[in-house]
Amino acid sequence: MMEKVNASSEAYIILLGFSNWPHLEVVLFVVILIFYLMTLIGNLFIIILSYLDSHLHTPMYFFLSNLSFLDLCYTTSSIPQLLVNLWGPEKTISYAGCMIQLYFVLALGTTECVLLVVMSYDRYAAVCRPLHYTALMHPRVCHLLAVASWVSGFTTSALHSSYTFWVPLCGHRQVDHFFCEVPALLRLSCVDTLANVLTLMVMSAIFVLIPLILILTSYGAIARTVLRMPSTTGLQKVFATCGAHLMVVSLFFIPVICIYLQPPSGKFQDEGKFIALFYTVVTPSLNPLIYTLRNKDIKGAVKRLTGWEWEL
């Protein structure tokens, strides 16, 4: 019987990242740092503004604050490590650090999938059930939905990451990615990982495809309601709020589907890195811009708190 040799016997794991393109590393460092700072500033802006202005104490901005905090955590779980690896010759992470990163990336990514469904339900209730909106989105209900999103993400990650933890890596330490994620780690195993691959695809279907179907179903109902609206003012308001959420959903789900709903293989590994870079770096930085630009509620809140005129 082959002795199981796991990476835990080694002190560290090498994250190869973008080492195949050493001439790009400085450029990537600068670009990623800029996007990371945009993510921090933009999402903190939404969280603080939603907290300070009483006019934004609504279900929509409560969930948006949760999304902003989630994006802050999600980017921070992998981007600082990536910046350190891009800046210097050392591209290592401890094995324990790799497993912790794997857990939080999975947990926060799953939570975001569920939270985006909750946000689409909020928009459905606001547009299609306006007379019952106050009851459907009572503050207690909103808090329960937010807690359910976070608990489902962290519970699922605990099960899935622990399952990945027991996969023997047989001394292999070079992960061909810029952060520790399940497909990249499974490629290091010297044993059959079919069960892990199937588990990954089933979990991805449950927490990616089903949420996406629910979101599209909500917006199908919203579209039917909107088409019956006689007022153009109502149409504009619906498109302003729902359009922003749909754009965020597209920016998050399309790259995730490309990564996680296919069997782990090295065939498109390089393309996968750049796709992952998009949804871990670019998408969280764009979310605050998508929700704040041309948003009268946000501009009104800024004006009330600072006295500034925000003209866009």
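Modelled spin labels at Tyr133 and Val26, positioned 7 Å past Cα toward Cβ, are 5.3 nm from each other.
Peptides 122-132, 102-112 ranked from most to least packed give 102-112, 122-132, packing being the mean of other C-beta atoms within 10 angstrom over each peptide's residues. In this simple spin-label approximation, Val141 and Cys190 carry label points 7 Å from Cα along the Cα→Cβ vector, and these lie 5.6 nm apart.
For Asp192, the solvent-accessible surface with a 1.4 Å probe is about 130 Å², rounded to the nearest 10. In the elastic network of the chain, a GNM with C-alpha springs shorter than 10 Å, the most mobile of Leu136, Leu194, Leu289 is Leu194. If you line up the long axis of helix 95-128 against the longest principal axis of the chain, both from Cα atoms, how many degrees apart are they, to the nearest 10? Roughly 20 degrees between the two axes. The angle between the Cα long axis of helix 283-292 and the main principal axis of the chain comes to about 10°, on a 0 to 90 degree scale. Relative to the Cα centre, the charge distribution of the chain, modelled as +1 at Lys and Arg Cβ and -1 at Asp and Glu Cβ, gives a dipole magnitude of about 1000 debye. Residue ranking by accessible heavy-atom surface, 1.4 Å probe, largest first, among Lys299, Lys273 comes out as Lys299, Lys273.
Gain on full extension, evaluated as 0.36 nm per residue between Ser94 and Leu52 minus their Cα-Cα distance, stands at 11.1 nm. Kindly state, to the nearest 0.05, the FRET efficiency for Trp166 paired with Ala221, given R0 = 45 Å and r defined as their beta-carbon distance. My answer for the efficiency is 0.55. Calculated from the structure at hand, semi-axes √(5λ) of the Cα gyration tensor in Å is found among (i) 32, 27, 17; (ii) 38, 23, 16; (iii) 47, 21, 16 as (ii). With a cut-off of 10 Å between beta carbons, the residues surrounding Val175 carry a summed charge of +1, where Lys and Arg count +1 and Asp and Glu -1. Label sites at Phe154 and Phe274, each approximated as a point 7 angstrom past Cα along Cα to Cβ, lie 3.7 nm apart. Computed from Cα positions, the angle between helix 194-204 and the longest principal axis of the chain comes to roughly 10 degrees.
Cα-based values for region 109-182, radius of gyration first and Dmax second, are 18.6, 61 Å.
Think of it this way: in the chain, Cys73, Cys113, Cys128, Cys142, Cys242, Cys258 stand alone, with no other Cys Cβ under 4.7 Å. For the pair region 10-46 / region 142-183, the C-alpha centres are spaced 21 Å from each other.
Taking only the Cα atoms of region 1-113, the ratio Rg/Rh comes out at 1.11, with Rh defined as the Kirkwood radius. Seen from Phe63, the other residues with C-beta closer than 11 Å to its C-beta sum to a net charge of 0, counting Lys and Arg as +1 and Asp and Glu as -1.
The values are calculated or read from the model by the stated rules, or taken from the named source; none is laboratory data. None of the values given here were measured: they were computed from a predicted structure. Quick reminder, even Gly has a Cβ in these numbers, built from the backbone with ideal geometry, and neighbours come from all protein chains shown. Keep in mind that these areas ignore ligands, DNA and RNA; they rest on the heavy atoms of the full protein, side chains included. Shrake-Rupley method; radii C 1.70, N 1.55, O 1.52, S 1.80 Å.
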